[in-house]
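The values are calculated or read from the model by the stated rules, or taken from the named source; none is laboratory data. Remember, predicted model here, so these are calculated numbers, not experimental data. Cβ: placed from backbone, ideal geometry, glycine included. Neighbour counts: every protein chain shown.
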Amino acid sequence: MLSTKKKINAIIAALEDVKAMDVITIDTRKKSHLFEYIIIASATSTRQTRALANNVSVELKKLGAEILGVEGEDSGEWVLVDLGEVVVHIMQPAVRAYYNLEELWNMRSLPKKAAAKSE
């Protein structure tokens, strides 16, 4: 069984093999019980987005990791690879900028007054 750290390192290596851009890893252990880390990478085309997701899947399967799911391959603008405790998001730059997952997952909790107003 792959440790989470080895899984992350293998994912990053697989992304770098296909020239992913702006790869980041975000620790989500204190924010979600569904997964521990997300890795976000950008691709220059739908073809590269699909190739990156495929390479992550192939390389991690070689190491014995289970791929729980792959979503978004049809459009190729945003492909998600679910590896259980690590979820990989491979996105076109415009989609990545629009959804801004980095900011979403690094958000601080709202002040109590702001939270009360939103309810």
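May I ask you to say which residue of Leu80, Leu63 is in contact with a His (Cβ under 6 Å, 6 or more places away or on another chain) and either farther than 19 Å from Met21 by Cα or modelled with pLDDT of 95 or more (or both)? Step by step, each of Leu80, Leu63 is checked, and only Leu80 is in contact with a His (Cβ under 6 Å, 6 or more places away or on another chain) and either farther than 19 Å from Met21 by Cα or modelled with pLDDT of 95 or more (or both). Please identify the pairs in which a residue from the range 1-16 that is within 13 Å of Val58 (Cα to Cα) and free of Cβ contacts under 8 Å to residues at least 12 places away in the same chain has its Cβ atom under 9 Å from the Cβ atom of a residue that is charged (D, E, K, R) and assigned to a helix (DSSP H, G or I), counting only partners at least 6 apart or on another chain. Cβ pairs passing all conditions: none. Note on the range 13-26: among residues that are touching a strand residue (DSSP E or B) at 6+ places or on another chain (Cβ under 6 Å) and among the aliphatic types (A, V, I, L, M), the one that is nearest to Ala94 (Cα to Cα) is Met21. Residues that are closer than 23 Å to Gly84 by Cβ and assigned to a helix (DSSP H, G or I) within the range 39-53 comprise Thr49, Arg50, Ala51, Leu52, Ala53, listed in sequence order. Please go through the range 18-38 and give me each residue that is assigned to a loop (DSSP other than H, G, I, E, B), of a type outside the set (Gly, Ala, Ser) and modelled with pLDDT under 95, ordered by number. Scanning the range 18-38 gives Thr28, Arg29, Lys30, Lys31, His33, Leu34, Phe35, Glu36. When Val56 is tested against (1) touching a Phe, Trp or Tyr at 6+ places or on another chain (Cβ under 9 Å); (2) modelled with pLDDT of 95 or more, just one condition goes unmet, and that condition is (1).
Tell me, which residue of the range 27-49 that is of a type in the set (Gly, Ala, Ser) and under 12 Å from Val95 (Cα atoms) is surrounded by the fewest Cβ atoms within 10 Å (Cβ to Cβ)?
Start the filter on the range 27-49 by keeping residues that are of a type in the set (Gly, Ala, Ser), which leaves 32, 41-43, 45.
Narrowing the set further to residues that are under 12 Å from Val95 (Cα atoms) leaves 41-43, 45.
On the way: Ala41: 28, Ser42: 22, Ala43: 28, Ser45: 10.
Within the range 27-49, the match that is surrounded by the fewest Cβ atoms within 10 Å (Cβ to Cβ) is Ser45.
Among residues belonging to the range 46-78 that are of a type in the set (Ser, Thr, Tyr) and without any contact (Cβ under 8 Å) to a residue 40 or more places away in the chain, point out the one that is nearest to Ile11 (Cα to Cα). Here the residue is Ser57.
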